[in-house]
1. Taking a probe of 1.4 angstrom, what is the accessible area of Ser303 in Å², to the nearest 10?
2. Which order do the peptides 372-379, 409-416 come out in when sorted by mean C-beta neighbours inside 10 angstrom, highest first?
3. Separation of region 106-177 and region 279-356 by C-alpha centroid, Å?
4. Over region 147-224, average the accessible area per residue using a 1.4 Å probe and give it in Å², no decimals.
5. Relative contact order of region 79-213, please, whole-number percent, based on alpha carbon pairs below 8 angstrom and at least 6 residues apart.
6. Hey, rough spin-label estimate for Thr208 and His285, points 7 angstrom out along Cα→Cβ, what's it come to in nanometres?
7. May I ask you to work out the translational diffusion coefficient for region 79-213 at 25 °C, viscosity 0.890 mPa s, via Stokes-Einstein with Rh from the Kirkwood sum over Cα pairs, reported in whole µm²/s?
8. On the protein heavy atoms, probe 1.4 angstrom, tell me the percent of accessible surface of region 254-346 carried by carbon and sulfur.
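The values are calculated or read from the model by the stated rules, or taken from the named source; none is laboratory data. None of these values were measured; they are calculated from a predicted model. For neighbour counting, all protein chains shown are included, and Cβ atoms are generated from backbone atoms with ideal geometry for every residue, glycine included. For the accessible areas, the whole protein counts, side chains as well, though only heavy atoms, and no ligand, DNA or RNA atoms are used. Shrake-Rupley method; radii C 1.70, N 1.55, O 1.52, S 1.80 Å.
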Amino acid sequence: MDNLMLVCHYEQHESHCMSCILKNLHTCLVSSVIINLNVSFRRTQSLHGPSPVTTFGPKACMLQNPHAVMHIQDPASQRLTWNKPPKSVLVIKKIRDATLLQPFKELCIFLTEVKNMIVYVEKKVLEDPAISGDENFGAITKKFCTFREDLDDISNRVDFIICLGGDGTLLYASSLFQESVPPVMAFHLGSLGFLTPFKFDTYQSQVTQIIEGNAAIVLRSRLKVRVLKENWEKKARVDEKGIILTNGDIENSRKVVQYQVLNEVVVDRGPSSYLSNVDLFLDGHLITTVQGDGVIVSTPTGSTAYAVAAGASMIHPNVPAIMITPICPHSLSFRPIVVPAGVELKIMLSRDARNTAWVSFDGRKRQEICHGDSITITTSCFPVPSICFRDPVNDWFESLAQCLHWNVRKKQNYLSSEDEEF
């Protein structure tokens, strides 16, 4: 029975005692089965998050671990493997950063000339005069495949991604893929570098290891966000002569937009001087009203970003959770909370709100939220497979120490026996 996985979501019933249940379960001898007891029990919503998709792009997947229980496994056992050898790579470079020109050119030459890879580059990167005006590098750029954000779909063309820059390049890479994300290798060439564990000095050997499938990965969960906006518009009337009449009926049309968010969803008061006043629902139930500068809904990856600056705890990326952090709440008892990854959150303007609110997704796509609009948030089943320098645990604590200087202080002096007498 050690390998028996049971999912038993039920409510107690007077006519079914625990001994009867155990007697029935004892007859199940097949390992790795899921049993649903619904004889007199009503199934309730699972508190577990969705099992993440373990295929990334057209050729990459995560090495299966036979000892995994459900979708939770030892972070050190998460290894990258390829179904087929990778042939294409997307190189993301921070725009308008002169310090990245030389590393970008060296990497692209190595990938095309040495590794015979198909290199995808965003079109606006090649429009940089420092690149387009380089005649020696021009022969290499002719081999590139280009794309434009929000216009070209490259989700099934790229085998893995290399980011050159800071944490923002990884966030940008995530935004390009609204479903399955190829493995991401991020080089630390920016300012903070909490999410970029690789140094560029030894890029050739490190990239070669990734192509050979010799790497650990951490699955960074994302938030699936659905924004529903009630667009109230005047429906103009036209008379027989074709003249548009100003007075018209009010027509309600709904607009729904979805986003995949790696760090956080931020709802704030925008330019208004009033407190934001938004209602927060969990699985359809009103749990609180946020009165303050706003609220942050973040992933474990985002817990070390805006959320930690607002007083939240730092959560390892492997923890299946969603964090809710108020921004300057007008309450001394409103502390950040962590909820299970499988719940559904909804944020709406309160009926008594004096002003509208504004929302942004990983610092982008900022837009106004009015009365009647809603923001629905849950854990996405499409994580970002971030390639580790060592492993998920060591990389995370290394980033805490090096980037955030976590628990750094001068050590207390040793107390000798002579000092103890005093």
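1. 0
2. Highest-to-lowest ranking by the protection proxy: 372-379, 409-416.
3. Going from one Cα centre to the other spans 36 Å.
4. That works out to 38 Å² per residue.
5. Details: 194 pairs, mean separation 35.9, N = 135.
Relative contact order, region 79-213: 27 percent.
6. About 5.8 nm, to one decimal.
7. Values: Rh = 15.1 Å.
Value of D from the Cα-based Kirkwood radius: 163 µm²/s.
8. Working: 2120 of 4010 Å².
The nonpolar share, carbon plus sulfur, comes to 53 percent.
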